[in-house]
Amino acid sequence: MNAPLTQSYSRGATTTPLIEQTIGDFYDAMTGRQPDRDALISRHEGRRLTYRQLQIEANQLASALLRLGLVPGDRVGIWSHNNVPWVLMQIATAKVGLILVNINPAYRVAELEYALNKVDCKALVTMPRFKTSDYLGMIRELAPELARARPGTLAAQRLPHLRTVVWIDQPGQGQDEPGALRFSDLLASGDPGDDRVGQIQRTLKATDPVNIQFTSGTTGFPKGATLTHRNILNNGFFIGECMRLTSADRLCIPVPLYHCFGMVLGNLACLTHGAAIVYPNDSFDPLSVLETVQAEKCTGLHGVPTMFIAELQHPRFKEFDFSTLRTGIMAGSPCPIEVMKRVVGDMHLSEMTIAYGMTETSPVSCQSDASTPFDKRITTVGRVQPHLEVKIVDPESGATARPNVPGELCTRGYSVMHGYWDDEAKTREVIDAENWMHTGDLATMDAEGYVNIVGRIKDMVIRGGENVYPREIEEFLYRHPKVQDVQVVGVPDSKYGEELCAWVIVKPGQSLTEDELRAFCQGQIAHYKVPRYIRFIDAFPTTITGKIQKFRIREIMKEELRVQEEKTA
């Protein structure tokens, strides 16, 4: 038993050494050990690839990318939901030193223009369209020159660095797209035995950048977090270790690949353990997840809390067999304790883990594992990952906090990003002189080293001089038997500075009033923690990954309260 901590600082174990290989080398070694095991199952595409088959196609694609004239260090964008071409791009670019740029499928014209130009993308692989989004249409709006260009020779005024646009086609899919290459034709142009692929792969270092992921940019333009092979390969490995993944596991991944959750906690956690990646669909659909878990006998399942809530609440939930499930990760936003209990109890996820991180740290800094006591597994984000350090500091003084005292969570170690692409100033704002990454998250650490996220520094509500942490109030309100989901934010108030507002989703078939919910709070939590404003709604504003946008809730409420004030003035 370790001695209780006297400060909120903890260092991870170092017994298992860090991986110092590149992604390509590690994948090739894994393939050599188990060439015939399932590597990738994409249900919506009807495709199944073994480790050897995936390796051959990735090598072929790497060769094709080189034949486009791309050279190590060039940036190549991927703008797509989950599919086989996404994984092929992830492995192929890593093998020949190209930097894969993940572009959010929710981006529209201005955001796409900014992202492509920020990192000087030379090639872009994209879905042609999805539901109401016309991706090729948006590219043509930015680059009308595409219609007259030969594939690979684009010269567009607004996208001066982009030369090649590739669209992901389906077998037998109709007409060509002027100026753009089909993905199937690009792949066919490569040679899986191309010597140049191996030659370049041997020159690469684990510390080379391999991936750029844009942060959400809720305050200003998105920043391109630049990650290395060493960053994300090790993070994927240690994430999989917490899940006790082996080559016998089959992980259902309904979270998007453009985000670290899908790409690292999903793909790389599997590929570093010889497990099978399983995609239930191109984007999240709760029924396809339930069907896939049963059909593919999945042993693991990932998701953000809103995804698990949607699965648990699905009217056909009880029809499906979850007996093969064992592990998975709930992350992306704070996990409601009651939801975690149901996931463990009703979905057979006895070894479900919680992970905490951010894009800039590859992403996971803390995670629970199968040996974490159940009460800690449902109330904390676990302890520091191997080879990393975390500490909680006073946001004003920078002094390390005492155990259980809230402060800003900082992390240091192999996982901290290479930096923001072409933005040294912004990098230095978040990574200090001692290489600590300042996350902006409010957290506590107990005497055993377990970390609890209590909110964002910007989310903390100061009501009449009292610091109020919305997460605490959300956890309390979740206990109400009629509450399905809840989010608490601060809104401006002339008397107290800020007041609390709760947005509540009521369980199907139930009804709930403001008075009932306030009565539930009386005598249970301090009076200043009882929300002044309560709104019952059907859904929260979310990002494409399912992250709830609290800033939008605040904006909507500020507008509503302003209108009310004007009416009473």
> Cβ-Cβ below 7 Å, separation at least six or inter-chain, first residue in the stretch 345-368 and in a helix (DSSP H, G or I), second at pLDDT 95 or above and of a type in the set (Ser, Thr, Tyr): which pairs?
Replying inline: Thr361/Thr411; Thr361/Ser415
> Going by the structure shown, is Tyr258 open to solvent by 10 Å² or more (accessible area, probe 1.4 Å), within 15 Å of His81 (Cα to Cα) and in contact with a His (Cβ under 9 Å, 6 or more places away or on another chain)?
Replying inline: yes
> Just checking, which of Val76, Val84, Val71 is open to solvent by 40 Å² or more (accessible area, probe 1.4 Å), free of Cβ contacts under 8 Å to residues at least 60 places away in the same chain and under 23 Å from Ile99 (Cα atoms)?
Replying inline: Val71
> For the stretch 22-58, which residues satisfy the criterion of being farther than 21 Å from His81 by Cβ and surrounded by fewer than 19 Cβ atoms within 10 Å (Cβ to Cβ)?
Replying inline: Ala29, Gly32, Arg33, Gln34, Pro35, Asp36, Arg37, Thr50, Arg52, Gln53, Ile56
> Across the stretch 268-312, what is the total count of residues that are open to solvent by 20 Å² or more (accessible area, probe 1.4 Å), in a helix (DSSP H, G or I) and modelled with pLDDT of 95 or more?
Replying inline: 5
> Hey, Leu187 hits all of (1) farther than 27 Å from Asp422 by Cβ; (2) at pLDDT below 95; (3) not charged (D, E, K, R) but one; which does it fall short on?
Replying inline: (2)
>> Cβ-Cβ distance below 7 Å, separation of 6 or more or different chains: which pairs start in the stretch 287-299 with a residue that is closer than 10 Å to Asp321 by Cβ and end on one that is at pLDDT 95 or above and β-branched (Val, Ile, Thr)?
In response: Lys297/Thr324
> How many residues are of a type outside the set (A, V, I, L, M, F, W, C), touching a residue at least 40 places away in the same chain (Cβ under 8 Å) and either surrounded by fewer than 18 Cβ atoms within 10 Å (Cβ to Cβ) or in contact with a helix residue (DSSP H, G or I) (Cβ under 7 Å, 6 or more places away or on another chain) (or both) when one looks only at the stretch 153-166?
Replying inline: 3
> Tally time: how many residues in the stretch 100-127 are open to solvent by 10 Å² or more (accessible area, probe 1.4 Å) and of a type outside the set (Phe, Trp, Tyr)?
Replying inline: 12
>> Against the condition of a type in the set (Gly, Ala, Ser), surrounded by 15 or more Cβ atoms within 10 Å (Cβ to Cβ) and in contact with a helix residue (DSSP H, G or I) (Cβ under 6 Å, 6 or more places away or on another chain), how does Ala180 come out, does it pass?
In response: no
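So that you can scan it fast, the table gives a plain yes or no per residue for (1) under 26 Å from the mean Cα position of the chain (by Cα); (2) among the charged types (D, E, K, R); (3) modelled with pLDDT of 95 or more; (4) closer than 18 Å to Val210 by Cβ:
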{"position": "Phe26", "(1), (2), (3), (4)": "yes, no, yes, yes"}
{"position": "Pro35", "(1), (2), (3), (4)": "no, no, yes, no"}
{"position": "Asp38", "(1), (2), (3), (4)": "yes, yes, yes, no"}
{"position": "Leu49", "(1), (2), (3), (4)": "yes, no, yes, no"}
{"position": "Leu61", "(1), (2), (3), (4)": "yes, no, yes, yes"}
{"position": "Leu65", "(1), (2), (3), (4)": "no, no, yes, yes"}
{"position": "Asp74", "(1), (2), (3), (4)": "yes, yes, yes, yes"}
{"position": "Pro85", "(1), (2), (3), (4)": "yes, no, yes, yes"}
> In this structure, does Gly328 turn out to be closer than 19 Å to Val278 by Cα and outside any loop (DSSP other than H, G, I, E, B)?
Replying inline: yes
> For the stretch 444-452, does any single residue satisfy the condition of being in contact with a helix residue (DSSP H, G or I) (Cβ under 6 Å, 6 or more places away or on another chain), touching a residue at least 24 places away in the same chain (Cβ under 8 Å) and either surrounded by fewer than 21 Cβ atoms within 10 Å (Cβ to Cβ) or over 30 Å from Leu116 (Cα atoms) (or both)?
Replying inline: yes
> What residue, among those in the stretch 222-261 that are assigned to a loop (DSSP other than H, G, I, E, B) and charged (D, E, K, R), is farthest from Ile41 (Cα to Cα)?
Replying inline: Lys223
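Residue-wise test of (1) touching a helix residue (DSSP H, G or I) at 6+ places or on another chain (Cβ under 6 Å); (2) under 24 Å from Leu233 (Cα atoms); (3) open to solvent by less than 50 Å² (accessible area, probe 1.4 Å).
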residue: Val381; (1), (2), (3): no, yes, yes
residue: Glu389; (1), (2), (3): no, yes, yes
residue: Asn404; (1), (2), (3): no, no, no
residue: Cys410; (1), (2), (3): no, yes, yes
residue: Met417; (1), (2), (3): yes, yes, yes
> Being surrounded by 14 or more Cβ atoms within 10 Å (Cβ to Cβ) and more than 21 Å from Lys341 (Cα to Cα), is that true of even one residue in the stretch 469-485?
Replying inline: yes
> If we keep just the residues of the stretch 518-543 that are touching a Ser or Thr at 6+ places or on another chain (Cβ under 8 Å) and crowded, with 17+ Cβ neighbours inside 10 Å, which is modelled with the highest pLDDT?
Replying inline: Phe540
>> Looking at the stretch 1-21 only, could you name the residues that are surrounded by 12 or more Cβ atoms within 10 Å (Cβ to Cβ) and either at pLDDT below 95 or not in a loop (DSSP other than H, G, I, E, B) (or both)?
In response: Tyr9, Ser10, Arg11
> Taking Val390 and the conditions (1) in contact with a Ser or Thr (Cβ under 7 Å, 6 or more places away or on another chain); (2) outside any strand (DSSP E or B); (3) not polar (S, T, N, Q), which numbered condition does it fall short on, given that it satisfies the others?
Replying inline: (2)
>> For Arg342, only one of the following conditions fails: (1) of a type in the set (D, E, K, R); (2) surrounded by fewer than 18 Cβ atoms within 10 Å (Cβ to Cβ); (3) closer than 22 Å to Gly455 by Cβ. What is its number?
In response: (3)
> Name the residues in the stretch 16-53 that are in contact with a His (Cβ under 9 Å, 6 or more places away or on another chain) and among the hydroxyl-bearing types (Ser, Thr, Tyr), would you?
Replying inline: Thr16, Thr22
> Are any of the residues in the stretch 544-562 of a type in the set (A, V, I, L, M, F, W, C), touching a residue at least 40 places away in the same chain (Cβ under 8 Å), out of contact with any His (no Cβ under 7 Å at 6 or more places or on another chain) and open to solvent by 60 Å² or more (accessible area, probe 1.4 Å)?
Replying inline: yes
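The values are calculated or read from the model by the stated rules, or taken from the named source; none is laboratory data. Computed from a predicted structure; not experimentally measured. Please note: Cβ atoms are built from the backbone with ideal geometry, for glycine as well, and neighbour counts cover all protein chains shown. For accessibility, only protein heavy atoms count, side chains too; no ligands or nucleic acids. Shrake-Rupley method; radii C 1.70, N 1.55, O 1.52, S 1.80 Å.
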